[in-house]
């Protein structure tokens, strides 16, 4: 997902950064390693959009994919999460609710349902593309100021791009596609809530993953056990289980959050967001050979508008850049972290 510059990535404790331009252990500069991490993250985001569309044709149910999405990170990170248990428990309920609702079960089910009714291009464009607009609205509602300059132009282009995607389904009305697009807009709004909520917690990326996945796995497990959400995991094809385990559990659930935080530390939020805005384009290109989707005229118009809009929406003024460049005091890290 394309994050906006309203999100700051917490720096994991005990991290020793190499001097700027100094080669790392693999002979790569910090900038090169950051770019490599970011490109992998973009590929994972594209895989998420593709899997949202592919779920409807698999032997898995949405609840099954959610169990893999939230369960695998918990299993892999269990020892690290146990060491961070006090910091996770100390997060304020309001901030925790934004993260759990914004990227947890409500977001996941909305994205999967919307993908089943539309296309991978819709998922890859609407969900990440509308995040800057929703974040701007949330920040304005909190009295944090209104967008200005190129940010306004970027938000306008995003809105135009989404309108271009859905217009052909308005006349004549295609109820399924419009329902799917509306559900994807809800998913994007939830992700914006998650983006804003990350500013309110003092956790490193591993702790943030635990705060999201622990309650989300518990909720989806309860819904499955009580029969509210059907499951087909016991009879699903092994290939489908393996695919969603890798893409959703390991890729989206574990790697994307850690790699994106690493990329932001090496490249900066603005530069990372610009490269990250290529995610919708990657989804459209990959959907052609993998899902057999042919980009329509609406997609060829809407996706570039959204991509350019995300780039402009993430640009900051020179004053904002200089303000963020000032050194900030590093928070103390308890021994159990």
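Values quoted throughout were computed directly from the atomic coordinates according to the rules given, and no laboratory measurement underlies them. Just so we're clear, the structure is a prediction, and the values are computed from it rather than from any experiment. Ideal geometry is used to build each Cβ from the backbone, glycine not excepted, and the neighbour counts take in all protein chains shown.
At 0.36 nm per residue, minus the direct Cα-Cα distance, what do residue 168 and residue 294 gain on full extension? Give it in nm, one decimal, please.
Values: separation 126, 0.36 × 126 = 45.36 nm, distance 1.55 nm.
Going from the current span to full extension adds 43.8 nm.
So how do 241-248, 174-181 stack up, highest first, on mean other-Cβ count within 10 Å?
Details: 241-248: 19.6, 174-181: 16.0.
Most protected by this proxy first, the peptides run 241-248, 174-181.
Pull out the extension gain between residue 218 and residue 28, defined as 0.36 nm times the separation in residues minus the alpha carbon to alpha carbon distance; nm, one decimal.
On the way: separation 190, 0.36 × 190 = 68.40 nm, distance 4.07 nm.
Length gained between residue 218 and residue 28: 64.3 nm.
Sorting check: for 76-84, 92-100, 45-53, 203-211, which peptide has the highest mean count of neighbouring beta carbons within 10 Å, and how do the rest follow?
Working: 76-84: 14.6, 92-100: 16.6, 45-53: 25.8, 203-211: 22.7.
Answer by packing, highest mean first, reads 45-53, 203-211, 92-100, 76-84.
Below 8 Å, C-alpha to C-alpha, sequence gap of six or more: please give me the relative contact order for region 44-123 in percent. Provide the component values of the computation, followed by the final result.
On the way: 36 pairs, mean separation 49.3, N = 80.
Averaging sequence separation for qualifying contacts and normalising by length gives 62 percent for region 44-123.
Report Rg(Cα)/(2.2 N^0.38 Å) for region 211-296, keeping two decimals.
Numbers: Rg = 17.2 Å, N = 86, 2.2 N^0.38 = 12.0 Å.
Dividing the Cα radius of gyration by 2.2 N^0.38 Å gives 1.44.
Based on the alpha-carbon gyration tensor of region 67-140, what equivalent-ellipsoid semi-axes (square roots of 5 times the eigenvalues) come out, in whole Å, largest first? The partial results should precede the final answer.
Details: eigenvalues 152, 73, 18 Å².
Equivalent ellipsoid of region 67-140: 28, 19, 9 Å, largest first.
Within region 86-122, name every residue whose backbone N is under 18 Å away from a label modeled 7 Å from Cα of residue 175 along the Cβ vector.
114, 116-118
Normalised by the number of residues in region 30-314, what is the relative contact order in percent for Cα pairs under 8 Å and 6+ residues apart? Can you show the working numbers first?
Numbers: 432 pairs, mean separation 119.9, N = 285.
Result for region 30-314 is 42 percent.
So what are the three principal axis dimensions of region 30-314 from its Cα atoms, in whole Å, longest to shortest?
48, 44, 38
Taking each pair of different alpha-carbon atoms in region 67-219 once, compute 1/r for the pair, average those values, and report the inverse of that mean as the Kirkwood hydrodynamic radius in Å to one decimal. Show your work: numbers first, answer last.
Numbers: mean 1/r = 0.0597 Å⁻¹.
After inverting the pairwise mean of 1/r, the radius is 16.8 Å.
Mind ordering 183-189, 193-199 by average Cβ neighbours within 10 Å, highest first? Walk me through the numbers before you get to the answer.
Working: 183-189: 23.7, 193-199: 22.1.
Going by the mean number of other Cβ atoms within 10 Å, highest first, we get 183-189, 193-199.
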